[in-house]
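Undergrad: A single structure is presented below for examination.
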Amino acid sequence: MKYISLIVSLILSIGFAVLISRPIDSVPPLAGLLDPNHGFWQNTLSEDQIAEDEIDLENLSAPVKVIYDEDLIPHVFAENELDLYRAQGYITAQHRLWQMEFQTHAAAGRLSEIVGPVAIELDRMNRRKGLAFGAEKGLAGMSSQPEVEAILEAFSDGVNQYINSLSSATLPVEYKILNYRPEPWTPYKSALLLKYMADMLMGDADLQFSNLRKILGQEMVDKLFPYFPEDNDPVIEAERVWAFEPIEIQAPDSTTYPDDLLVLDPLPAPEPGIGSNNWAVAGSKTKSGRPILANDPHLGLNLPSIWYSMQLTTPEHSVKGATLPGAIGVISGFNENIAWGVTNATKDARDWYKITFKDESRRQYKFGEEWRDTEFRIEEIKVKGQESFIDTVVYTHYGPVVYDKTFRSDRQDVNFSLKWTAHDESQEVKTFILMNKAKNHDDYNAALDNYIAPPQNFVFAAKDGDIAMRIQGKFPVKWEGQGRFFMDGADPLMDWQAYIPFDQNASTLNPERGFVSSANQHPVDPSYPYFVWDRSYEHYRNRRLNNQLRQMNDITVDDMKALQFDDYYLHAAEALPVMMELLDESKFDSDDAKKYIQELKSWDFYADPNQKAPTLFYIWWDKVDDEVWKEWYAWDAPITTPNNYQMVSLMKNEPDSEIFDHGNTENVENASTHVNAGFESMLARMAEWEAEEGDYSWANYKRTSVRHLVPQFESFSVSNVYTGGGRGILNATSERHGASWRMVVELGEQPNAYGIYPGGQSGNPGSRFYSNMINRWSKGEYIDFSLRSVEDTQEALFTTTLN
Amino acid sequence: MKFIGLTFLVVLVVGIINPFFPFWIVMICIGVVSALIGLPGFVSFLAGAIGMGLVWVGQSFYLSIYSGSDLPQMMSELIGVGSGMTLVAITGVLGFIIGGLSAWSGSALRSALKPTPDNIYKG
């Protein structure tokens, strides 16, 4: 009897212990998650509640002091650069380790290891795009410079010392939920992070344009997608004179493109309307007489935030601003002497080549008169709970053959290689190391000479009064039209033949108009001697921004803050009068229709959160767009439609153009037909919305949300943020995208700086610093971002010494 | 009296050992303590269960109040159970079962090892 009792009790005890130590399907081990001493309960503590006065950090040459301000922004004081970056690694990991690792896993195509088979498709795509391949090349470039390599190693060492100090209690909660552990950080991962950014910011529509060309013909494509818009207001002022001899390349005599209709699944492109603003105004236009610089990069609104703020100080320099967790130094920020900021500068840096293989084995492909050898890269994708997935990616000299018989194509003969500057050796890390301590315009240029991808418009202002803008990246010299469509990889003239020398990249210093600015628009005027094209150039934010800057004088920091938060909806201001003109009001006599028309007519074109008209316009425009391009959308192939600017221009100038007439109907449609049909659909949509939701004020309709990186972790997200703005508006906050960081800096004896981002310093959803800035951000408020000195511990949250 | 004593000892063991060791080490320690005290099986179970359950409820409740964190609420939404307080209760139940089973096993082990009392009256 007594043995039976022992056996039963032991079986139950051990059985239960095993049960709660193992994951069941997607449910993590219960004991690890719920144990109050080790599980998620430990992650309820905020950083100030577990602050330590001293932390052991090995390999430092001198102690490093870290002062946290009331928003948990660390101000790091080190004796030299190696100590500084070692500390940066440690501190960033303390607050953002899970995010750093998750983002680099994503870039490396390794998410399946964490979340299982659902991510295989995504992992394959990221590997086929060559992100890991690019990171390897990138790392080779960085490691070729001993001082850069030493800094990368120091940073990694800092991260790893934090990883090694982790206990089951302090492990970030996402690891506990997803049931895995962090692996060591390496410089390779810092390189991967830059590819993650490059991928986020660069897209192309070669596939879509190839299809349009096939269906509509080149002439129509040229008409609907002109190289330059009528009101071009480029990044570099149009008056700029180009005093250099451009490199000549040979264009093919006749351009014949692969002429297939391509029913492929296109790679995800950056969200239209995603972009950024930056500008600097010269002292001649400011009240204080000192230059002011502003930057707000627009990215996906995610938690943990893409940015992490820091001050990094050595006896030689003191820099503050936004860092990318996992990357070295500050990416958008200022020091005692200069300030700089970034916006995306797309210039079709990705092209596709149709590959003609010699035979089934794909070991050789045609290039000119010769057969060149391919390389095979075997990608082993480890999958949680399953056997690895093995993918073979063929590489030509262009780059990886992304589309082939095994990926996104049903056809055996479809083979397209991707050529992309993000695959090249690069020195981006050096750019930021140098920029962080730059003192003047020369230093800024020297730093940028190392920068390749993703191309950015680097705005600059200095204490000595200089303001500047430089469009930096590695750009191929292209013949007119090159890279718009899929090209024949067997024709050497289709290949990139040269790159634009860095000193011929478009730039400007102290232009007469007293300001420099960029908002992802066309970089230059047609007078620039190189062919410049991208389908995603902005047409609204740039004109609004430049119009405002041109007329503003006696500018203050507060004016610049207000401009970053400007909700003027220029697209609506230009489109609505045209639509009203084309609308036959007599056809719509319901009370609702009259109310909506009245609201639209009395609108001041500001997309403020409490306004109702932006919602009406937004839906109406969307429905008109659906009506106009209905036929195109019905084609069973990926295509792109003309941008809003071009469409307004067509509706206004050629309302009876054949483009508005749908061939398959009895009637002849024109712009007015679609505007009226769109209004009808808008009424239906509004009736639905008013019945279900009631309030249709802009913020309530738009529903901006800031989402956790794992979409399933809904409760770690912040939804329904009450804020205005939208796509094509300076305050570019749409549903899921917007100003991911806002900074305004006035240079002077002491820089006068402000910043904010939609998130919080902590990556821990349980911390009170996880999303604490979102509310202030949504109202256009800022945090004082002035530099702190090591003695200044006033209003510090806590202070830690690393030694 | 011994019941309260064992409960108290379990509270101590969990409070001292658990912060440094995973739950299964705690289970073994509770088993040992329970074997040393030597209460009958069901009474041991109850003492262990109440002891550990109380500590786990107490700790998780204290952490959520002290931190003021939204995490318990977020986690309960993620898992799909009521509120943060529901999770405190679930944590308590988990501690209750772990503590109870461990103490019962300890008690059963002692009974099994104890020489059969028959011999006492011999000789």
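The values are calculated or read from the model by the stated rules, or taken from the named source; none is laboratory data. No experiment lies behind these values; they were computed from the predicted model shown. Note: ideal-geometry Cβ built from the backbone for every residue, glycine included; neighbour counts use all protein chains shown. To get the accessible areas, we keep the full protein, side chains included, count just its heavy atoms, and leave off ligands, DNA and RNA. Shrake-Rupley method; radii C 1.70, N 1.55, O 1.52, S 1.80 Å.
Undergrad: Collect the residues in the range B:61-80 that are more than 7 Å from every other protein chain (Cβ to nearest Cβ) and polar (S, T, N, Q), keeping them in residue-number order.
TA: Once the filter is applied, which keeps residues that are more than 7 Å from every other protein chain (Cβ to nearest Cβ) and polar (S, T, N, Q), the range B:61-80 yields B:Q73, B:S76.
Undergrad: Just to be sure before I move on: is A:S719 within 14 Å of chain B (Cβ to nearest Cβ) and in a strand (DSSP E or B) in the structure I sent?
TA: Answer is yes for this residue.
Undergrad: Check whether at least one residue in the range A:216-234 is under 25 Å from the mean Cα position of the chain (by Cα), crowded, with 18+ Cβ neighbours inside 10 Å and closer than 26 Å to A:E81 by Cβ, and report yes or no.
TA: For the range A:216-234, residues under 25 Å from the mean Cα position of the chain (by Cα), crowded, with 18+ Cβ neighbours inside 10 Å and closer than 26 Å to A:E81 by Cβ: absent.
Undergrad: What do you reckon, is A:E387 within 29 Å of A:A119 (Cβ to Cβ), open to solvent by 10 Å² or more (accessible area, probe 1.4 Å) and in a strand (DSSP E or B)?
TA: Here the answer is no, as A:E387 does not meet what is asked.
Undergrad: Residues in the range B:37-60 that are over 24 Å from A:K2 (Cβ atoms), open to solvent by 20 Å² or more (accessible area, probe 1.4 Å) and within 7 Å of another protein chain (Cβ to nearest Cβ): how many?
TA: So the count comes out to 1.
Undergrad: Looking at A:F460, A:F485, can you tell me which residue is of a type in the set (F, W, Y), buried (at least 20 other Cβ atoms within 10 Å of the Cβ) and under 22 Å from the mean Cα position of the chain (by Cα)?
TA: A:F460
Undergrad: Hey, could you check the range A:681-716 for residues that are within 29 Å of B:G80 (Cβ to Cβ), of a type in the set (K, R) and more than 14 Å from chain B (Cβ to nearest Cβ) and say which is surrounded by the fewest Cβ atoms within 10 Å (Cβ to Cβ)?
TA: The qualifying residue surrounded by the fewest Cβ atoms within 10 Å (Cβ to Cβ) is A:R703.
Undergrad: Looking at the structure I just gave you, is A:A140 at pLDDT 85 or above, of a type in the set (G, A, S), part of a helix (DSSP H, G or I) and open to solvent by 10 Å² or more (accessible area, probe 1.4 Å)?
TA: Spelling it out, A:A140 is indeed at pLDDT 85 or above, of a type in the set (G, A, S), part of a helix (DSSP H, G or I) and open to solvent by 10 Å² or more (accessible area, probe 1.4 Å).
Undergrad: Quick check: anything in the range A:110-121 in a helix (DSSP H, G or I), over 24 Å from the mean Cα position of the chain (by Cα) and within 14 Å of another protein chain (Cβ to nearest Cβ)?
TA: Within the range A:110-121, not a single residue is in a helix (DSSP H, G or I), over 24 Å from the mean Cα position of the chain (by Cα) and within 14 Å of another protein chain (Cβ to nearest Cβ).
Table: residues versus (1) crowded, with 22+ Cβ neighbours inside 10 Å; (2) in a helix (DSSP H, G or I).
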site	(1), (2)
A:N126	yes, yes
A:A150	no, yes
A:D157	no, yes
A:I163	no, yes
A:A169	no, no
A:P184	no, no
A:L192	yes, yes
A:K195	yes, yes
A:D204	yes, no
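Undergrad: From the set of residues in the range B:10-31 that are within 24 Å of A:V18 (Cβ to Cβ) and out of contact with any helix residue (DSSP H, G or I) (no Cβ under 6 Å at 6 or more places or on another chain), which is nearest to the other protein chains (Cβ to nearest Cβ)?
TA: B:P19
Undergrad: I've got another one for you. Specify which of the listed residues (A:A169, A:A132, A:A150, A:A140) is over 25 Å from the mean Cα position of the chain (by Cα) and more than 30 Å from B:F23 (Cβ to Cβ).
TA: After applying the criteria, what remains is A:A150.
Undergrad: Does A:K129 satisfy the criteria of being under 29 Å from A:D199 (Cβ atoms) and touching a His at 6+ places or on another chain (Cβ under 7 Å)?
TA: Here the answer is no, as A:K129 does not meet what is asked.
Undergrad: It is to be established whether one or more residues within the range A:779-794 are open to solvent by 40 Å² or more (accessible area, probe 1.4 Å) and not in a loop (DSSP other than H, G, I, E, B).
TA: yes
Undergrad: Restrict the check to the range A:1-14 and report whether at least one residue is more than 8 Å from chain B (Cβ to nearest Cβ) and either part of a strand (DSSP E or B) or at pLDDT 95 or above (or both).
TA: no
Undergrad: Given (1) touching a helix residue (DSSP H, G or I) at 6+ places or on another chain (Cβ under 9 Å); (2) of a type in the set (A, V, I, L, M); (3) modelled with pLDDT of 95 or more, where does A:L34 come up short, assuming only one miss?
TA: The single condition A:L34 does not satisfy is (3).
Undergrad: Still on this structure: Could you check, for the range A:542-552, whether at least one of its residues is assigned to a loop (DSSP other than H, G, I, E, B), under 19 Å from A:P291 (Cα atoms) and in contact (Cβ under 8 Å) with a residue 40 or more places away in the chain?
TA: Yes.
Undergrad: Do we find a residue being facing chain A (nearest Cβ under 7 Å), surrounded by fewer than 23 Cβ atoms within 10 Å (Cβ to Cβ) and not in a helix (DSSP H, G or I) anywhere in the range B:81-102?
TA: Among the residues of the range B:81-102, not one is facing chain A (nearest Cβ under 7 Å), surrounded by fewer than 23 Cβ atoms within 10 Å (Cβ to Cβ) and not in a helix (DSSP H, G or I), which makes the answer no.
Undergrad: Residue pairs, Cβ under 8 Å, 6 or more apart or interchain, first in the range A:176-187 and among the hydroxyl-bearing types (S, T, Y), second open to solvent by 20 Å² or more (accessible area, probe 1.4 Å) and not in a loop (DSSP other than H, G, I, E, B). List them.
TA: Close Cβ pairs satisfying both conditions: A:Y180/A:E113.
Undergrad: When you scan the range A:738-760, how many residues do you find that are more than 26 Å from A:L178 (Cβ to Cβ) and either modelled with pLDDT of 95 or more or in a strand (DSSP E or B) (or both)?
TA: The qualifying residues number 15.
Undergrad: Cβ-Cβ distance below 7 Å, separation of 6 or more or different chains: which pairs start in the range A:717-729 with a residue that is touching a residue at least 40 places away in the same chain (Cβ under 8 Å) and end on one that is surrounded by fewer than 19 Cβ atoms within 10 Å (Cβ to Cβ) and in a strand (DSSP E or B)?
TA: Matching pairs, first to second residue: A:S717/A:S705; A:S717/A:R707; A:V718/A:S705; A:V721/A:S705.
Undergrad: Of the conditions (1) more than 30 Å from A:S305 (Cβ to Cβ); (2) not in a helix (DSSP H, G or I), A:Q208 clears all except one; give me its number.
TA: All conditions are met except number (2).
Undergrad: What's the number of the condition A:E581 fails, among (1) part of a loop (DSSP other than H, G, I, E, B); (2) over 22 Å from A:H539 (Cα atoms); (3) of a type outside the set (V, I, T)?
TA: Here A:E581 clears every test but (1).
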